[in-house]
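Here is the structure we will look at, set down as C-alpha cells.
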Amino acid sequence: MATAPDAQKAIPSQENLLLDYVRRLEKHRGGRQVVHVHLSQLRPFNRREQHIRAATSSFDPLISTTMGQLFALRSADLIFAFKAEARPQVETVVQKVRFLFSDDPLIAEVSTHEKPFATWYDAVNDYDDILRLARELAEEEEVRLTKVRSRMDARSSLRAKQEQGEPLTPDILARVEDALGRADLSNYVRRQFVCKVDSKLIPEQEFSELFISINDLRETLMPGVNLTSNRWLFYHLTETLDKRMLSMLSKTDAITITGEISINANVKTLLSDEFQVFDDNVSASRRGAMVIELQKEDIFSDLPAFLIAREYVQERGYRVLLDGLTMQTMFLVDREKLGCDHAKLIWTPALADSGDDVKERLRQIAASGGGGRMIMCRCDTRESVEFGRSVGIDRFQGRFIEGLIAEDGRRRDLLKLKHRIQRGTAGDDEEEMIE
Amino acid sequence: MAEIPSPDMLEEKLLLDRLNRMEAGAPGYYAVHLHLSELKSSNRKPHFIRLASRNFDNLTNQHEATLFQMKNADQILLCRTVPVHEVENPVEKVRALFSEDQLTHIDETGLGEDRLSTWYDLSENEDFRAFVRVVGSLVLEAEETAKREAAEAVAQQKSVGQPLTAQHLTALSQVLPRVPIDDLIREQLCLHIGANGPEGVIFREHFISIGDLKKRVAPGVNLFSSIWLFQYLTEGLDRVILANMAGRNFEKMSEPISLNLNIGTVLSRDFQNFHRAVAGHEDNVIIEMQVIDIFSDVDAFTIARNMLQQNGYRVLVDGISPVSMQFFDPAILGADFIKVGWGTEFENEEEDDSKVADLRRIIRDAGKESIILSRVDSEQAIQWGLNLGITRFQGFLMDRLIDTVRSQGRRARIKKERAAAAR
C-alpha cells in the first residue's frame, strides 16, 4: 500500500474506539445498554454540522455524570452506551434529538418506515448484535480509508482493469486517433442542456453543450478500453475530439445548430488557425450565443496565454466558461478574477455532506457577479438540484435535467391536448386542471 | 485597398513603396504605428500578434485602410479619410488584449505619450518625413531579421523537431526501459541568500535533463509540443529517477534532496520502494509536484501531500508563475515550499507599484521562508526576488555562486594553513 502504516494510526477513528469499547464491554455486560441513533438516514440538508453538533451535545449532561459514553461516527450516526439506570434520561435525550429534526421524513414517516430513528440494545441479551454492529462499522470505515489510500495500488488497478477494461496506452491512443481521422464523427455529436430550474423543478433552457460522446465512440472504436485510466492520455484524446468538433462546426452543413450553444476548447486551440477558420464561419450575431468551455488545469498551465485568449474571444462576442471545478478547486480558483462569464461545479453527493462553512462559501461564490453564473453539472439526482438551490445555484446540467426536460415536454404536450379537448367540448367543466 | 504581398516581399518594403508613390503631404492620409515589438517577450508571441491584427479586419474591409505587419511584431495602419474614432476602436481593443502588459497602460497624468501607438498625419510635411524615416529603419531591420531567420529556420527544424504524437510515445515507452539514462540525471542547488550572500543549502534538486534525453532517444521530436503527452512521458521518467535514487545511501547525504514527481507516482508502488530506501531520512527529502497535476486532481494531491508530510517528507508545489500568484493563493495548498518561476518578462514589473505590493503581500502571507524563486539566471532575478522579500533561490546562477564561494573558502583555508605552517 502506498501509505506507510502509521499514517492513519495517528488518530484512532470513533469506529475503532467503539469496537474497542464493545470488546471490553463483554466482561461488564450487566446493567449496560446501548442506543444507536440513525442520524445518517436524515435528509442531507438536515445533516448539517450544527444540527449534528446540537444532537451530540444533548448527551453532554449524561456524559459529565459518567452515566455513559458517546461515539460520534463518520456517517453522522451516534452510538451511546450507558448504565441501565439512566434509561429514562437517555430516552428523553433521544426524544429531544428527534425534535431537532421533526420536519425530516425520517421522523415523519417513522410509523410506516422500516428504519427506526433509534435502535435500543441490552448488553446482556443483545451483546452479539452490538458486537456485530461495532465490527461492521469499523470495517466500513476501514474500507473507506483503504479506498482512499490504495487508489493507485496494484490490487485496485487490477480490479479496475477487470471492471473497466484495459488501460489506455500510447499505442492504443495512436490507433484510436488514426481511426478518428477517418471516421465521420457527426453521428457521435451529442448535446446536453444547461437549464435554469425553479422550485417546482420546471426547467428553462439556457444553452446546450455540444460534444462528441466518448462513451459511444468507445463502444465502436475501442471496446474494452478504459479511456480514463491515464489522465494525460485522456486529456490528449479529448483535445483531439474538441478540435474535430470545431472543424465540424466550421463546416455549416456538417451539423445543424440551433439556439445558444457551448463547445469545449483548449487555450492553445483558441490561439490556433483552426479557431480562426471557425470564427470566420460564425456570423457576428451568432458569437453572442456561443459559450467556450475551458478546463481549469488548462488555464493554469499557461495563465498569460489564457488571459490573452480570453480577452480575444470575449472581445469577439463569445462567452467563456470555467469548467471542471470540484468542491476542492472551487475555493482555489476565482471565476471573477479570471474574468470568466460562467463556471461549472461538478456535483457529488459529498457536497451535501460538506460542512456549513463550505456551504456558506459556496453561497457567496454562487451569488458573486449577480448570481446565475454558476452552473452545477453532472446532476443525476433530484438531491443535486435541491442542494444546488439551497446554496443559491439555479443553473443545472446532467442526466436528471435531461429527464426534467423530457417530463416538461410531456407535460406541455398533455396541456396542449387538454386545451384541444377543451376547445372541442367548449362549455364543459372549465375548472378541471391537469397540473 | 490591401495589396497582396508576394511571399518574398517584406511588408516593410511594400509600405515604403506606397509612401514613395505618395506625394509628400498626401492629403487625407494618416498612419498609426502600433509598437507591439515593445511588449514583454511572453506577450509578443506570433499567435498573439495575429490575434491583435484581426481586430482591424472590419476596418480594412470597410474603409480605405491597410494593415502592414512588421517583422519585429509592430503593426502599421495606413488610412485615407477614415474617421479617427473608427481607428481608435480597434486600437483600444488591442490595448485591452494586452491589458496585463506595461506597454498598454495609459499614463494617468495625461502628460506622457501613449506608449502603444504613434499617430502620423501624413498630410503634414513634418509628420510625413518623420514617418518615412521610421519605416526606412524598419525596412533595414526587417532585412537583417529575415536573413538571420532563414539561417535559423534550418537549424531550428533540426533541433526542435516534429510535434510529439502518441506514436512517438509508443516508441519511446519501448525504448526508455532499455536505454540507460541514469547519467542524464542533473543536479541544481536551492540556496538561502542572506544579506552577505549564500547562507546555506536548502536542497539539491535531482532531475532528468529533458534536452539531453531528447538528444539520446528522440532527436527529431519536440517533446514539449503537447503538454498532456509530455506529462505522460514524465510518469515514465519518475520511475527511472526513483529507482536511481533508491540506490543511494541516504545516511551519508549531507544536503537535503528534492525530486519532481507526478502525484500518481507518489501514490504508486515505485514510491514505496523508494520510501524503504529512504528509511528514516525522510526529513532530508523534498517531493515537488506540479501545479497542473494538482489542479487536475486536488483530491489525489491532498492524499499524497498528507501521506508525505505525515511520514516526515516535505512537499513543494512547482510550476507557479508570478502571474498565477495573482489569481490563486498558493498557500491554500498546504505545501512546505512554493516554487515561483522567474522570467525576464517580470523585469519591468517593479514599475507597477500596486502589483509589487500585491506580490509582496502574497509572499508574506504564504511565509517568505517557503517561497523559492527558480530559473534564476541573472543578478536582476535575485534583485527582483529580494525586493519582494524572497530569500530562497534556485537556478544556474546559484550553482555558479556556490562554486565561487566554495573555491574562495578553499583558498582561504589553504592560505590559513600555509600561514600556520609558516609560523
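The values are calculated or read from the model by the stated rules, or taken from the named source; none is laboratory data. Here the structure is a predicted model, which is why all the values come from computation and not from measurement. Glycine gets a Cβ as well: all are built from the backbone with ideal geometry, and neighbour counts include every protein chain shown.
For every residue, the table says whether it meets (1) buried (at least 22 other Cβ atoms within 10 Å of the Cβ); (2) part of a strand (DSSP E or B); (3) within 11 Å of another protein chain (Cβ to nearest Cβ).
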residue	(1), (2), (3)
B:295	yes, no, yes
B:309	no, no, yes
B:318	yes, yes, no
B:340	yes, yes, no
For region B:185-210, name all the residues that are surrounded by 15 or more Cβ atoms within 10 Å (Cβ to Cβ) and either acidic (Asp, Glu) or not assigned by TED's automatic domain parsing to the domain that holds residue B:246 (or both).
B:205
Please enumerate the residues belonging to region A:87-100 that are modelled with pLDDT of 90 or more and either buried (at least 18 other Cβ atoms within 10 Å of the Cβ) or under 12 Å from residue A:55 (Cα atoms) (or both).
A:90, A:93, A:94
Right, residue B:323: among the aliphatic types (A, V, I, L, M), out of contact with any strand residue (DSSP E or B) (no Cβ under 8 Å at 6 or more places or on another chain) and touching a residue at least 60 places away in the same chain (Cβ under 8 Å) or not?
yes
Would you be able to say whether some residue in region B:58-72 is in a helix (DSSP H, G or I), within 11 Å of chain A (Cβ to nearest Cβ) and not small (Gly, Ala, Ser)?
yes
Residue that is surrounded by 21 or more Cβ atoms within 10 Å (Cβ to Cβ) and of a type in the set (Gly, Ala, Ser), where the choices are B:65, B:73
B:65
Would it be correct to say that residue A:191 is over 16 Å from residue B:166 (Cα atoms), at pLDDT below 85 and more than 12 Å from chain B (Cβ to nearest Cβ)?
no
Within region A:270-293, is there a residue that is under 31 Å from the mean Cα position of the chain (by Cα), of a type outside the set (Asp, Glu) and within 11 Å of another protein chain (Cβ to nearest Cβ)?
yes
Does residue B:213 qualify as being away from chain A (no Cβ under 14 Å) and surrounded by 17 or more Cβ atoms within 10 Å (Cβ to Cβ)?
yes
Filtering region B:149-174 down to residues that are more than 14 Å from every other protein chain (Cβ to nearest Cβ), at pLDDT 75 or above and under 23 Å from the mean Cα position of the chain (by Cα) yields B:149, B:152, B:161, B:162
So if I check each of A:233, A:307, A:322, A:241, which one is under 30 Å from the mean Cα position of the chain (by Cα), surrounded by 21 or more Cβ atoms within 10 Å (Cβ to Cβ) and closer than 19 Å to residue A:210 by Cβ?
A:322
Within the bounds of region B:100-120, is there any residue that is modelled with pLDDT of 90 or more and over 30 Å from residue B:58 (Cβ atoms)?
no
Quick check on my filter: what residues within region A:300-356 are of a type in the set (Gly, Ala, Ser), more than 28 Å from residue A:280 (Cα to Cα) and at pLDDT 90 or above?
A:324
Out of (1) in contact with a Ser or Thr (Cβ under 7 Å, 6 or more places away or on another chain); (2) of a type outside the set (Gly, Ala, Ser); (3) assigned to a loop (DSSP other than H, G, I, E, B), the odd one out for residue B:288 is which?
(3)
Would you confirm whether any residue within region B:239-251 is within 22 Å of residue B:164 (Cβ to Cβ) and not basic (Lys, Arg)?
yes
For the structure I just gave you, tell me whether residue B:327 is surrounded by fewer than 21 Cβ atoms within 10 Å (Cβ to Cβ), at the interface with another protein chain (Cβ under 9 Å from one of its Cβ atoms), in contact with an Asp or Glu (Cβ under 9 Å, 6 or more places away or on another chain) and among the hydrophobic types (A, V, I, L, M, F, W, C).
yes
Verdict on residue B:236 being out of contact with any strand residue (DSSP E or B) (no Cβ under 9 Å at 6 or more places or on another chain), more than 9 Å from chain A (Cβ to nearest Cβ), outside any strand (DSSP E or B) and under 18 Å from residue A:231 (Cβ atoms):
yes
Would you mind finding the one in B:264, B:280 that is surrounded by fewer than 21 Cβ atoms within 10 Å (Cβ to Cβ) and either within 17 Å of residue B:203 (Cβ to Cβ) or within 13 Å of chain A (Cβ to nearest Cβ) (or both)?
B:280
Mind checking whether some residue in region A:340-348 is in a strand (DSSP E or B), among the charged types (D, E, K, R) and under 12 Å from the mean Cα position of the chain (by Cα)?
yes
If you check residue B:368 against the conditions, is it closer than 21 Å to residue B:189 by Cβ and either in contact (Cβ under 8 Å) with a residue 60 or more places away in the chain or under 17 Å from the mean Cα position of the chain (by Cα) (or both)?
no
Residue check, residue B:302 closer than 19 Å to residue A:325 by Cα, surrounded by fewer than 19 Cβ atoms within 10 Å (Cβ to Cβ) and either more than 10 Å from chain A (Cβ to nearest Cβ) or modelled with pLDDT of 85 or more (or both)
yes
Among the residues that make up region B:78-86, is at least one of them within 21 Å of residue B:46 (Cβ to Cβ) and either away from chain A (no Cβ under 13 Å) or of a type in the set (A, V, I, L, M) (or both)?
no
Based on this model, can you work out whether residue B:296 counts as of a type in the set (Ser, Thr, Tyr) and without any contact (Cβ under 8 Å) to a residue 24 or more places away in the chain?
yes
Could you list, in sequence order, the residues of region B:157-208 that are assigned to a loop (DSSP other than H, G, I, E, B) and farther than 25 Å from residue A:235 by Cβ?
B:178, B:179, B:180, B:181, B:195, B:196
Across region A:204-258, the tally of residues that are modelled with pLDDT under 85, closer than 17 Å to residue A:277 by Cβ and hydrophobic (A, V, I, L, M, F, W, C) stands at 3
